[in-house]
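> First, the structure itself, so that you have it in front of you.
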């Protein structure tokens, strides 16, 4: 019998599983600078959402296209990576896509100042400069060129209702 103030073990496990299953949703944006050493601070408004026991302690960085990096929490990346079909002999196209995607992806540790070190190859491939914006994109963060983000802001805002309508239908 648990003592006063203690929960039964099965209740603690239930709560831990529920806490683990809560989806992390990133929203908003922040203007940042990548320093000369390739370090990028994760803003406090995003860091404050993280729980190491749920989200892990590192980030996975994926160079996606010109002027764009995608950042996933360690737990979210593992979850999404495991959704794909697992086979010892994938079809050639699938094997090539997996090798490219996972080959370009890097796991990044967070330093004591809350920064990650963006790999030089990622900066070169995406042609990101030092002035960037970090955007909450639901289950991930996106790092993109600040000038491009600002230039297209009004247009993206005006198109948003139509885009969302298409995605929901």
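> For the stretch 24-61, enumerate the residues that are part of a helix (DSSP H, G or I) and either more than 15 Å from residue 134 (Cα to Cα) or in contact with a helix residue (DSSP H, G or I) (Cβ under 9 Å, 6 or more places away or on another chain) (or both). Walk me through it before giving the result.
If we filter the stretch 24-61 for residues that are part of a helix (DSSP H, G or I), which is where we start, we get 44-47, 52-55.
Result: 52, 53, 54, 55.
> Residue 78 - would you say it is more than 14 Å from residue 143 (Cα to Cα) and out of contact with any strand residue (DSSP E or B) (no Cβ under 9 Å at 6 or more places or on another chain)?
On the way: more than 14 Å from residue 143 (Cα to Cα): yes; out of contact with any strand residue (DSSP E or B) (no Cβ under 9 Å at 6 or more places or on another chain): no.
No: the conditions fail for residue 78.
> Could you check the stretch 91-169 for helices (runs of 4 or more DSSP H) lying wholly inside it with 1 or more residues that are within 18 Å of residue 28 (Cβ to Cβ) and modelled with pLDDT under 95?
Helices (runs of 4 or more DSSP H) meeting the threshold: 146-168.
> Considering only residues that are part of a strand (DSSP E or B), at pLDDT 95 or above and farther than 12 Å from residue 26 by Cβ, which ones fall in the stretch 65-85?
The answer is 68, 69.
> Could you pull out the residue among 96, 124, 106 that is closer than 17 Å to residue 39 by Cβ and more than 19 Å from the chain's Cα centre (by Cα)?
None of the others qualify; the one that does is 124.
> For the structure I just gave you, tell me whether residue 53 is within 18 Å of the chain's Cα centre (by Cα) and more than 24 Å from residue 148 (Cβ to Cβ).
Considered against the rule, which asks whether it is within 18 Å of the chain's Cα centre (by Cα) and more than 24 Å from residue 148 (Cβ to Cβ), residue 53 comes out as yes.
The values are calculated or read from the model by the stated rules, or taken from the named source; none is laboratory data. In this text, all values refer to a predicted model and were calculated from it rather than measured experimentally. All Cβ positions, even for glycine, are placed from backbone atoms using ideal geometry, and neighbour counts span all protein chains on display.
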